[in-house]
1. What pairs come out if I take residues in the stretch 143-158 that are in a loop (DSSP other than H, G, I, E, B) and pair them with residues that are among the charged types (D, E, K, R) and surrounded by fewer than 19 Cβ atoms within 10 Å (Cβ to Cβ) whose C-beta lies under 9 Å away, six or more apart or interchain?
2. I want to confirm something. Restricting to the stretch 26-47 and keeping residues that are over 16 Å from Gln15 (Cα atoms) and of a type in the set (S, T, N, Q), which single residue is most open to solvent (accessible area, probe 1.4 Å)?
3. How many residues are within 20 Å of the chain's Cα centre (by Cα) and not β-branched (Val, Ile, Thr) if we restrict to the stretch 98-127?
4. Which residue out of Phe245, Phe251 is farther than 27 Å from Ala119 by Cβ, open to solvent by 10 Å² or more (accessible area, probe 1.4 Å) and under 17 Å from the mean Cα position of the chain (by Cα)?
5. How many of the residues in the stretch 48-58 are open to solvent by less than 60 Å² (accessible area, probe 1.4 Å) and free of Cβ contacts under 8 Å to residues at least 12 places away in the same chain?
6. Can you say whether Ser128 is open to solvent by 30 Å² or more (accessible area, probe 1.4 Å), among the hydroxyl-bearing types (Ser, Thr, Tyr), modelled with pLDDT of 85 or more and under 17 Å from Arg223 (Cβ atoms), as far as the supplied structure shows?
7. Only one of Tyr226, Tyr184, Tyr188 is in a loop (DSSP other than H, G, I, E, B) and open to solvent by 20 Å² or more (accessible area, probe 1.4 Å); which?
8. So, in the stretch 69-82, how many residues would count as being open to solvent by 20 Å² or more (accessible area, probe 1.4 Å) and in contact (Cβ under 8 Å) with a residue 60 or more places away in the chain?
Amino acid sequence: MAPKWRELADKLAEQIKGGDYAPGQQLPHIRELVEAGEGSKATVHAAYKALEAEGLVTSSRGHGTVVRQQVPLKRLGIARYDKAKWRDGDEVAFIADRVASGRPYRRNEQTQTVSLVEAPAEVAAAHSLPVGAPVYARARLVKEGDQPTHTLTSYYRPEHVEGTRIVDPTPGPAGRGGGFRVLYDAGYEIDHMQERIFARAPKADEVSLLQLPPGEPVVELHRTTYTADGTVVEFAIGVHAASRFAWEYDFKVPDSAKDREDQP
């Protein structure tokens, strides 16, 4: 016979999967379930911890136990950077992901801090600068409603962004079209970029900031953005809650053998 906490956890899991509790909805406080006769405080607590370990809920101080979004955001590949989105419209990358996923968004779901910092080794190497050279760091925290999804910190050379909206700490994207539009207006049109992604265990501060459940990894992204002449205008590091994203890429399959045959 299963222990009482397991029976309660299974009951709540069925209710969550059946839609009785919507994503983002808070489960009853422990004392409410105790008063409803669902078991002792220890029983309810153990059931909630089991649900958290199974990835159905998240628990944090001040937010209680909340049902997780079970359908991950569709994070577009190269299509999220389509110039028509930010140059000709106002659809910055995180908004493009929401639109592709059929999910609502608010512009203030992106907040940021901007500061002039000494370039760490990785940033300095990307920008071909000496370690410790001054760079602007624009650090964003992006949420879906109240749920953090990822962080993204972009590093820029001061001469590229000084006096622009990129160094304005006002919450939300850096004006119409975001940072890429700002660079475009300043004469630095982005042409190509390189992305590298890898999974790892989260650091303690990332667990807190992203409200990660026990055992959830993060996906770290490194993005280097170039102009047509090879100038690096942005180096960015993103940290994503692994279960909240599904990366999607759509591209033409290369045929290097055919390309060689076509060469004169």
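1. From the stretch 143-158, the pairs are Gly145/Arg106.
2. Taking the candidates together, the pick is Ser40.
3. 13
4. Working: Phe251 fails: under 17 Å from the mean Cα position of the chain (by Cα).
Testing whether each residue is farther than 27 Å from Ala119 by Cβ, open to solvent by 10 Å² or more (accessible area, probe 1.4 Å) and under 17 Å from the mean Cα position of the chain (by Cα) leaves just Phe245.
5. Of all residues in the stretch 48-58, those open to solvent by less than 60 Å² (accessible area, probe 1.4 Å) come to 48, 50-52, 55-58.
Right, trim to free of Cβ contacts under 8 Å to residues at least 12 places away in the same chain and you get none.
Going through the stretch 48-58 one residue at a time, the tally reaches 0.
6. Values: open to solvent by 30 Å² or more (accessible area, probe 1.4 Å): yes; among the hydroxyl-bearing types (Ser, Thr, Tyr): yes; modelled with pLDDT of 85 or more: yes; under 17 Å from Arg223 (Cβ atoms): yes.
In short, yes.
7. Values: Tyr226 fails: in a loop (DSSP other than H, G, I, E, B); Tyr184 fails: in a loop (DSSP other than H, G, I, E, B).
Just a single option satisfies the conditions, and that option is Tyr188.
8. Quick first cut of the stretch 69-82, residues open to solvent by 20 Å² or more (accessible area, probe 1.4 Å) only: 69-72, 74, 76, 78-79, 81-82.
Checking the rest, the ones that are also in contact (Cβ under 8 Å) with a residue 60 or more places away in the chain come to 69, 72, 74, 76, 78-79, 81.
Total satisfying the criteria: 7.
The values are calculated or read from the model by the stated rules, or taken from the named source; none is laboratory data. Note that the structure is a prediction, hence the values are computed from the model and not measured. Note that we place each Cβ from the backbone using ideal geometry, even for glycine, and neighbour counts take in every protein chain shown. The protein model used for the area step is the full one, side chains on, heavy atoms only, and it has no ligands, DNA or RNA in it. Shrake-Rupley method; radii C 1.70, N 1.55, O 1.52, S 1.80 Å.
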